[in-house]
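Peer 1: I'd like to ask some things about the structure below.
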2 protein chains.
Amino acid sequence: MKAKVYVTLKKGVLDPQGKAIHHSAELLGYSALADIRQGKYFEISFNDGVGEAEAREAAETIGRDVLANPVIEDFQVEIESGS
Amino acid sequence: MKAKVYVTLKKGVLDPQGKAIHHSAELLGYSALADIRQGKYFEISFNDGVGEAEAREAAETIGRDVLANPVIEDFQVEIESGS
């Protein structure tokens, strides 16, 4: 069982790294871009025998406690039961 | 039109930051974790009038040229036509 956690900056929080990437991409000739925002991505693999509900709960708690800063960041959890 | 780009370390590439997060999570009492791997996540917003095929192509080129290091990282593009 695998959980994917996406951490993104909240709307309204400045994203200088995203702005820098946007600028670099424009310099390379990509003109159709409105905006690029940068975030973090985590893949959590659980031990065998962990159920989907348990994995989701653990991933959400870990997301809140360890991975995201809830003051400026949002996070989203997706469970992949395939593996 | 929005593209989401996920950048992950290739299999076999050491991920010390993921290991550190795994260790922290274990110290906090999460014992059912097999592994945590860390990656990057980007949301690219395109100007109005950019089609899905064009957005995918641009996101893949930007992923290869700017966002990922193809020597040690893989990346994946998802197009979200909703917005």
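The values are calculated or read from the model by the stated rules, or taken from the named source; none is laboratory data. Since the model is a prediction, treat every value here as computed from it, not as a measurement. Every residue, glycine among them, receives a Cβ derived from its backbone with ideal geometry; neighbour counts consider all protein chains shown. Just so you know, the surface numbers come from the protein's heavy atoms only, side chains and all, with ligands and any DNA or RNA stripped out. Shrake-Rupley method; radii C 1.70, N 1.55, O 1.52, S 1.80 Å.
Peer 1: So how do A:LEU9, A:LEU28 rank on accessible area, 1.4 Å probe, biggest first, that is with the largest at the start?
Peer 2: So, going from the largest accessible area down, we get A:LEU28, A:LEU9.
Peer 1: For segment A:1-60, what % of the accessible area comes from carbon and sulfur atoms, probe 1.4 Å?
Peer 2: 52 percent
Peer 1: Place a label point 7 angstrom from the Cα of B:LYS11 along the Cα-to-Cβ direction, then list the residues of segment B:21-38 whose backbone nitrogen is under 18 Å away.
Peer 2: Counting backbone N atoms under 18 Å from the label point, the list is B:34-38.
Peer 1: Roughly how far apart, in whole Å, are the Cα centres of segment A:48-83 and segment B:32-83?
Peer 2: 21 Å
Peer 1: Placing a label point 7 Å from Cα toward Cβ, how far apart in nm is B:GLU57 from its equivalents in the other copies, listed shortest first to one decimal?
Peer 2: Ordered by distance, the counterparts are at 4.9 nm.
Peer 1: Would you tell me the accessible area of A:GLU57, worked out with a 1.4 angstrom probe on the heavy atoms of the protein chains, in Å² to the nearest 10?
Peer 2: In the full protein context, A:GLU57 sits at about 130 Å².
Peer 1: Keeping every protein chain in place, order A:PHE42, A:PHE75 by accessible area at 1.4 Å, biggest value first, i.e. largest first.
Peer 2: So the residues, ranked largest to smallest area, are A:PHE75, A:PHE42.
Peer 1: Moving on to the next point. In the Gaussian network model of chain A, springs joining C-alpha atoms below 10 Å, which of A:ALA20, A:ALA68, A:ALA34 carries the largest mean-square fluctuation?
Peer 2: Greatest mean-square fluctuation among the candidates belongs to A:ALA34.
Peer 1: Ranked from the most accessible area to the least, with a 1.4 Å probe and all protein chains present, what is the order of A:ASP35, A:ASP15?
Peer 2: A:ASP35, A:ASP15
Peer 1: Rolling a 1.4 angstrom probe over the protein heavy atoms, how many square angstrom per residue are accessible across the protein assembly as shown?
Peer 2: 55 Å²
Peer 1: Evaluate peptide A:58-68: per residue, the Cβ atoms of other protein chains within 10 Å of its Cβ; return the mean as an integer.
Peer 2: Counting Cβ atoms of other protein chains within 10 Å of each residue's Cβ and averaging gives 3.
Peer 1: Among the listed pairs A:LYS19/B:LYS11; A:LYS2/B:LYS10; A:LYS2/B:LYS2; A:LYS2/A:LYS40, which have their C-alpha atoms separated by more than 20 angstrom in this model?
Peer 2: A:LYS19/B:LYS11; A:LYS2/B:LYS2
Peer 1: Here is a follow-up. If you take the accessible area of A alone plus B alone and subtract the pair, what total do you get in square angstrom, rounded to 100, with a 1.4 Å probe?
Peer 2: That pair hides around 2600 Å² of surface in total.
Peer 1: Rounded to the nearest 0.05, what FRET efficiency is calculated for A:LEU28 and B:LYS19 with R0 set to 35 Å and r the Cβ-Cβ distance?
Peer 2: Rounded to the nearest 0.05, the efficiency is 0.55.
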